[in-house]
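Undergrad: Just dropping this structure here.
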């Protein structure tokens, strides 16, 4: 088993998936458990995760995502939606506008790392039309889709992308 640092180093955006390999239910369940283990404001978990396996629904997500076809080619797409009202009940406006967004993105990041630890790959998609995603998945009123994670077994291993140097990103005080 990889340690955390190796898991993070092996996380890459993968847009080609092995077409004949589905995601095992046990692994998907473990990934979702790790997403739900992520920290959240007041432990409220102000988000909803929609698991999309149906090809027609994944194709609707492609249409909502400016024709990013790999979303339908992956066997699963996880749609992370903020639930601002859940956070607002405890924290008011700041909870609705900020904490629910933070909770949702932290859960998605944990899921992305869990996907790598489970021997698979994913791509985080943020470029989509919210209304089209809401309509395609018939989301409950009040939910805000924030991120889509396509996932499956990789059919490619992308080269490492360059990162900014620490001294360009970190300020020490």
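Undergrad: Which of the residues belonging to region 39-50 are more than 14 Å from residue 86 (Cβ to Cβ) and either buried (at least 19 other Cβ atoms within 10 Å of the Cβ) or in contact with a strand residue (DSSP E or B) (Cβ under 8 Å, 6 or more places away or on another chain) (or both)?
TA: Residue satisfying the conditions is 50 alone.
Undergrad: Here are 86, 94, 134: which of them is crowded, with 21+ Cβ neighbours inside 10 Å, more than 29 Å from residue 10 (Cβ to Cβ) and modelled with pLDDT of 95 or more?
TA: Result: 86 is the single residue among 86, 94, 134 that is crowded, with 21+ Cβ neighbours inside 10 Å, more than 29 Å from residue 10 (Cβ to Cβ) and modelled with pLDDT of 95 or more.
Undergrad: Residue 65 - would you say it is more than 13 Å from the chain's Cα centre (by Cα), more than 26 Å from residue 3 (Cα to Cα), in contact (Cβ under 8 Å) with a residue 60 or more places away in the chain and surrounded by 20 or more Cβ atoms within 10 Å (Cβ to Cβ)?
TA: yes
Undergrad: Can you tell me which condition residue 58 does not meet? The list is (1) surrounded by fewer than 20 Cβ atoms within 10 Å (Cβ to Cβ); (2) in contact with a strand residue (DSSP E or B) (Cβ under 8 Å, 6 or more places away or on another chain); (3) part of a helix (DSSP H, G or I), and all the others hold.
TA: If we test residue 58 against (1) surrounded by fewer than 20 Cβ atoms within 10 Å (Cβ to Cβ); (2) in contact with a strand residue (DSSP E or B) (Cβ under 8 Å, 6 or more places away or on another chain); (3) part of a helix (DSSP H, G or I), just (1) comes out false.
Undergrad: Which is more than 19 Å from residue 146 (Cβ to Cβ) and either within 15 Å of the chain's Cα centre (by Cα) or not in a helix (DSSP H, G or I) (or both), of 39, 19?
TA: Just one listed residue meets the conditions, 19.
Undergrad: Surrounded by 13 or more Cβ atoms within 10 Å (Cβ to Cβ) and under 17 Å from residue 149 (Cβ atoms), is that true of residue 70?
TA: Yes; evaluated as a whole, the condition is true for this residue.
Undergrad: Please note which strands (runs of 3 or more DSSP E) are completely contained in region 73-173 and include at least 3 residues that are more than 10 Å from the chain's Cα centre (by Cα) and more than 15 Å from residue 44 (Cα to Cα).
TA: 144-152
Undergrad: Out of the residues in region 22-36 meeting the condition of being out of contact with any strand residue (DSSP E or B) (no Cβ under 7 Å at 6 or more places or on another chain) and part of a loop (DSSP other than H, G, I, E, B), tell me which one is surrounded by the most Cβ atoms within 10 Å (Cβ to Cβ).
TA: Checking each candidate, the answer is 22.
The values are calculated or read from the model by the stated rules, or taken from the named source; none is laboratory data. What you see is a predicted model, and the numbers here were worked out from it, not measured in a lab. Positions of Cβ are generated from backbone atoms using ideal geometry, with glycine treated the same way; all protein chains shown enter the neighbour counts.
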